[in-house]
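Asks: My structure is below; once you've seen it, I'll send some questions.
The values are calculated or read from the model by the stated rules, or taken from the named source; none is laboratory data. Computed from a predicted model, the values in this text were never measured in an experiment. Methodologically, a virtual Cβ is constructed for each residue, glycine included, from the backbone with ideal geometry; neighbour enumeration extends over all protein chains shown. Please note that ligands, DNA and RNA were not included when accessible areas were found on the heavy atoms of the full protein model with its side chains. Shrake-Rupley method; radii C 1.70, N 1.55, O 1.52, S 1.80 Å.
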Amino acid sequence: MAINKASVSSSAKNLAVFMETILTQVVTSYATYSMPLPSRRYWTLGQPVVDCEQVVVSFVQMYVGAPGDEATQPRRANDPRSATVNVSVSRAIPVVGVNGRPPSAETIESASEIVAYDAWILIDIAKELDTWEASGYGMGVIATVEVLAPEGGFQTAVLTLTASVP
């Protein structure tokens, strides 16, 4: 059965709007660093497949409470909601050639430098992803960055971000 998205209440769309807002802000923020992003850009729920260079905002979880609340006690259901998302930037890296030769140390380091740029930019733009209000900072964020092990000819820098969902 096809769902007419236009007929769904706007209040049910908050998470989708949040995800799109995060993706748009990541693209905008990268432009301020003059750092090109892969052309494949989207948001999704759950773990994305890394099959090319891409930028993906993926939903991890949502909970009732402000970012970082310990949830050791019950919360009012009308308290703010927070979501944890991963913002991942995947880049091609050098791999073993058809002749079986490993990539040179220089090419490995050069590709690693680009991924290091991504890691720095992602943690630096976390402040721009506090999306509660367009007019200023929201309720704060929790942000960490890691770089995943190379896999399938790609390496991914991942920002894990917890922020309030407006």
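Asks: Residues ALA149, ALA157, ALA143: which one is part of a loop (DSSP other than H, G, I, E, B), at pLDDT 85 or above and open to solvent by less than 80 Å² (accessible area, probe 1.4 Å)?
Replies: Answer to the selection: ALA149.
Asks: Still on this model: If you check every pair at least six apart or on different chains, which have Cβ atoms under 7 Å apart with a residue in the range 93-107 that is closer than 15 Å to GLY153 by Cα first and a residue that is of a type in the set (A, V, I, L, M) second?
Replies: ILE93/ALA111; PRO94/ILE108; PRO94/ALA111; PRO102/VAL96; PRO103/VAL95
Asks: Any idea which residue in the range 44-92 is nearest to ASP118 (Cα to Cα), counting only those that are charged (D, E, K, R) and modelled with pLDDT of 95 or more?
Replies: ARG91
Yes/no per residue for (1) within 13 Å of LEU122 (Cα to Cα); (2) of a type in the set (Gly, Ala, Ser); (3) in contact with a strand residue (DSSP E or B) (Cβ under 9 Å, 6 or more places away or on another chain):
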| residue | (1), (2), (3) |
| --- | --- |
| ILE22 | yes, no, yes |
| GLN25 | yes, no, no |
| SER34 | no, yes, no |
| ARG40 | no, no, yes |
| VAL60 | no, no, yes |
| PRO67 | no, no, yes |
| THR84 | no, no, yes |
| SER88 | yes, yes, yes |
| ARG91 | no, no, yes |
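Asks: Tell me which of these ARG41 doesn't satisfy, since it passes every other one: (1) at pLDDT below 95; (2) of a type in the set (Lys, Arg); (3) touching a helix residue (DSSP H, G or I) at 6+ places or on another chain (Cβ under 8 Å).
Replies: Going through (1) at pLDDT below 95; (2) of a type in the set (Lys, Arg); (3) touching a helix residue (DSSP H, G or I) at 6+ places or on another chain (Cβ under 8 Å) one by one, ARG41 breaks only (1).
Asks: Would you check which residues across the range 29-83 are without any contact (Cβ under 8 Å) to a residue 24 or more places away in the chain and of a type in the set (Asp, Glu) and list them?
Replies: The answer is ASP69, GLU70, ASP79.
Asks: Sticking with this one: Just to be sure, is GLY152 touching a residue at least 60 places away in the same chain (Cβ under 8 Å) and at positive phi?
Replies: Answer is yes for this residue.
Asks: Which condition number in (1) in a helix (DSSP H, G or I); (2) in contact with a helix residue (DSSP H, G or I) (Cβ under 8 Å, 6 or more places away or on another chain); (3) of a type in the set (Gly, Ala, Ser) is the one that ALA119 fails?
Replies: Against the list (1) in a helix (DSSP H, G or I); (2) in contact with a helix residue (DSSP H, G or I) (Cβ under 8 Å, 6 or more places away or on another chain); (3) of a type in the set (Gly, Ala, Ser), ALA119 comes up short only on (2).
Asks: Of all strands (runs of 3 or more DSSP E) completely enclosed by the range 1-111, which ones contain at least 3 residues that are open to solvent by 40 Å² or more (accessible area, probe 1.4 Å) and under 16 Å from ALA163 (Cα atoms)? Steps first, please.
Replies: On the way: elements: 41-45, 54-64, 81-92.
Fully inside the range 1-111 and qualifying: 54-64.
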